[in-house]
Structures are given as structure tokens and as C-alpha cells.
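Beneath this line is the structure, given in C-alpha cells, with notes to follow.
The values are calculated or read from the model by the stated rules, or taken from the named source; none is laboratory data. Not measured: the values here are computed from a predicted model. Virtual Cβ from ideal backbone geometry, glycine too; neighbours counted across all protein chains shown.
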């Protein structure tokens, strides 16, 4: 008597990231769970961001909301890239309208050494939330995620969000021994965080590099790529597909592909057909401009069709926006986009 196939492993999303034929182009949206949903805003009333990320019941409900509403092909675990740092004891908070703010920025090797390595005991709420989610999601895959070393390091060094990343680059170039130690530390934390998520039941993972686009290819290859490679290698040992995504990374796509991962996420600034030629024999994810959901439906879907057609040339294609859902997005328009992508003839 044969064992029934695991419905998650045979889902459109998992087939696409493995480069296998799909029944339809799978679609999910970065930041699909969040501020664009009225049910999310109601649930989060009076609850801080990090507080909500550490409440298993809230995480479960928030992660499920867009799956229920849109019927997307994958859920993305609701968390924040600085949560692992908070969990190990770094004094930080997420301030509304600002973002992550670190009380004592990292400057020295002693500062790096003071950051504990992450263990499962630091994040029991993650294990609980994912267990609950897997039970609820059924055949829908859950994507775990972590912030990439460069982006997380920038928050730690700058003390908060930065446009220029001047202090970050000053450390990278002027104190390379501190920089290397910090990146190794963060890579270890990120990899351990992904390991916890996969052990609890996540079916895939995404490494998210918000600020990598601030770097030249040379500086990325020298100072960043080895550390992202280390995270993706540890995730690869878990046997789950890995998505590597960065913002404004048109000049880094080849290097990001080389860093590892099965899928390279492409932001909206790079045409998908151009990106496919740069990332090697890998699947791609993306890449509709997030502002196109504010256009008339027929304009949005026409552009989506172009992206789906371009994606045929890749090893596999997961439809997504080229960055996260904007807070003022109309959920009904995302619903129409989801239905369009899933019904588009292959």
C-alpha cells in the first residue's frame, strides 16, 4: 500500500521553487499579513509590534488572515527581522513611524561578544506559533524568514534605520575585524532562527536583505556575500527550499544567486527576463511594482500577465510583488490579482 503524497510538497508553490511543472503560477505577497488588512489593524490595536510577534496566538491569526482572505499559495510567517536580537536580549524596540531602534549601537568587538547566540530556548513562542499554524494551514506551505546579515547589522550599527548607512560602511571599511565578527554573529543568529522555524514545521525559508542595494558588487562580494552564503548553507542542510531576496539589487542579482538559495527574489526595478539571465539555473520570485495595485484592474493584470509570461523562461517562477504590500493597498485589488495569477493559462 503506497503512502499518500504530502499535499504541501506537491503544492504549486513547492513545485515551482523546485523547478517542477505547476498547475498554475503560484502567488503570495511579501507583507501580505499586515497593515493593509482591516482585520489586522483591529487585532493589533494597542499591541506593540514586537509584543505581537512574541504572542503565538496573535502570530497564528495574523499569518492566517491573508491566506483566508486571498487564497494565496503560501503563508509567510509573521515576524520581524530584529525579533531574534530582541529574543537574545539586545535592547531594542520598534517605534511606530520610525522602525527598529537600538538603545546601544554596536561599535567594538566587546559589543559583538555581548550578543548571545540564539538557541531554541530563546524563542519558544516561535515553535508554538508555527506548530499552531501548520495544524491550521493544511496543504498551504508556510515560509519562515530571517533578516540577512547586512540589513540586521546596519540596524545594530546605525542604531536605527538609515538611508546612507554611513556608520555601517565606516565599520565595514575602517574596522574590518569588528565588521567580520558582527556579521558572523548575526549570520549565526539568523541561521539558528531559521532552523527553529523549519524544525517546528516551516516548509521553506526566505532570507530578506532590505538594504543590500546600498552596496557595490565588489563590496557586497567581499564583505557581505560570504555571510549570507553561510546562512543559506545552514538552511540548505535542512532540506527546505530557500528564497534569497534583496531590495534595489539589480547590480547584485548574480552574486545573490551565487550566495546560495533555490530562488532569487527580484524587486520591481529589474525586468524579470533580465533577472532570469543573471541568477543562473534558479527559480525566480516577483516582481510586480507594488504601486500597480493602485492602478485600474486591467492595467494591473496586463502587467501581471507580462511578468507571468517572462517567468516561463526561468527554472521556476513564484509570482509576487517586487517588494512588500503597501499599507494603503486595497485588499480587494490584491484579491483580484491573486485570482488573475492563479487562473492565468500556462
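List of remarks:
- Qualifying residue in segment 83-102 (condition: without any contact (Cβ under 8 Å) to a residue 12 or more places away in the chain and farther than 30 Å from residue 115 by Cβ): no
- Hey, residue 232 part of a helix (DSSP H, G or I) and over 13 Å from residue 194 (Cα atoms) or not: no
- On the stretch given as segment 259-280, residues that are under 18 Å from residue 205 (Cβ atoms) and at pLDDT 95 or above total 7.
- Filtered residues of segment 193-213 (kept if out of contact with any helix residue (DSSP H, G or I) (no Cβ under 8 Å at 6 or more places or on another chain) and either more than 21 Å from residue 234 (Cβ to Cβ) or part of a helix (DSSP H, G or I) (or both)): none
- Of note, residue 189 does not satisfy the criterion of being more than 18 Å from residue 154 (Cβ to Cβ), assigned to a helix (DSSP H, G or I) and in contact with a strand residue (DSSP E or B) (Cβ under 9 Å, 6 or more places away or on another chain).
- Spans of helices (runs of 4 or more DSSP H) in segment 2-70 with at least 3 residues in contact (Cβ under 8 Å) with a residue 60 or more places away in the chain and buried (at least 18 other Cβ atoms within 10 Å of the Cβ): 12-17, 56-70
- Residue in segment 173-182 that is within 19 Å of residue 88 (Cα to Cα) and assigned to a helix (DSSP H, G or I) present: yes
- Selected residue (criterion: surrounded by the fewest Cβ atoms within 10 Å (Cβ to Cβ)) from residues of segment 152-167 that are closer than 19 Å to residue 113 by Cβ and in contact with a helix residue (DSSP H, G or I) (Cβ under 6 Å, 6 or more places away or on another chain): 157
- When 170, 135, 114 are checked against the criterion of being closer than 30 Å to residue 73 by Cα, out of contact with any strand residue (DSSP E or B) (no Cβ under 8 Å at 6 or more places or on another chain) and without any contact (Cβ under 8 Å) to a residue 12 or more places away in the chain, a single residue qualifies: 135.
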